[in-house]
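Undergrad: There's a structure below that I have some questions on.
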Amino acid sequence: MINPEGYIGSAESLQEKACGSGWSLKVVPEKYGELGLTEACKRHDYRYRIGSLPREKVLADLYFLSDLLEALIVDIDVFKIHTLIDCSVMELNATFTQKKTNEIWNKFWKQLRNEVSKSSIGWFRKWFRFGYAKDYYEAVEHLGNNAFYEGKTYMTKNPGFWE
C-alpha cells in the first residue's frame, strides 16, 4: 500500500494508532471532536522516519501543523501554508543570530494567522481550532525529540540548530 507521502507498508501497519499511545494519547489524541487527525499523525511519523537532521525535524513538525490546520479548518489554503513554511525554514537556515531567528518566527506566526483569518468558518470556531492546532503542534514538537533522534547519528562540523 502506498500513501500520498510514498510510504510503502502493509495495510495493517497503517491501521495502527498514529497519534499517541499510552500516556501520550492524552497529549496527542486521534480526534478533535468528530474531526480525525490520524492522517496528519501518519504523515508526521513518516517524516520522522525519513529525516535525520534537526532542520528535517523542524520541517516535519511544521508540516504537521499544516496538516492539522487542513483537518481542523477545512477551507484553508494548504499550498500557501507550505510555501510559507518552506520560505521561513530557508530564512532560518541562513540565519546565525538569535535575534534574527526570533524575527523570522514572529513573522511566520503572523503570516500563518493571516492565512487562517481567510477561512470562511465562524470566527470563534476558527480561532479555537487554530489555538488547538498550535498547542498540539507545540506538544508534539517537544515530545518528538526522542522519537526523531532515536537510533540516528550524524556528523557536523558546526553543531548548531540546523546542522
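Undergrad: Just in the stretch 52-150: which trypsin sites (Lys or Arg not before Pro) are loop by DSSP and have at most 13 other Cβ atoms within 10 Å?
TA: Lys118
Undergrad: Using Cβ counts within 10 Å as a stand-in for footprinting exposure, how do Glu39, Glu150 rank, fewest first?
TA: Going from least to most buried by this count: Glu150, Glu39.
Undergrad: Express in nm, to one decimal, how much length is gained between Glu138 and Ser117 on full extension, taking 0.36 nm for each residue of separation and deducting their alpha carbon distance.
TA: The Glu138-Ser117 span can extend by a further 5.5 nm.
Undergrad: Separate question: For the stretch 11-149, what is the relative contact order in percent, using Cα pairs closer than 8 Å and at least 6 residues apart in sequence? All intermediate terms of the calculation are to be shown ahead of the outcome.
TA: Working: 122 pairs, mean separation 35.8, N = 139.
Here the relative contact order equals 26 percent.
Undergrad: Here is the link list: Lys99/Lys134; Lys31/Lys107; Lys57/Lys80; Lys42/Lys134. Which ones come out longer than 28 Å on Cα distance? Write down the numbers at each step before the final one.
TA: Working: Lys99/Lys134 22 Å; Lys31/Lys107 30 Å; Lys57/Lys80 20 Å; Lys42/Lys134 18 Å.
Flagged as over cut-off: Lys31/Lys107.
Undergrad: Using the beta-carbon distance between Tyr32 and Phe96 and R0 = 30 Å, what value does 1/(1 + (r/R0)^6) give for FRET efficiency, to the nearest 0.05?
TA: The formula returns an efficiency of 0.20 here.
Undergrad: In a shell of Cβ-Cβ distance under 11 Å around Glu103, excluding Glu103 itself, what net charge do Lys and Arg (+1) and Asp and Glu (-1) give?
TA: Summing Lys/Arg as +1 and Asp/Glu as -1 gives +3.
Rule-based calculations on the coordinates, nothing more; no lab input. Just so we're clear, the structure is a prediction, and the values are computed from it rather than from any experiment. Note that each Cβ is placed from the backbone with ideal geometry, even for glycine, and that neighbours are counted across all protein chains shown.
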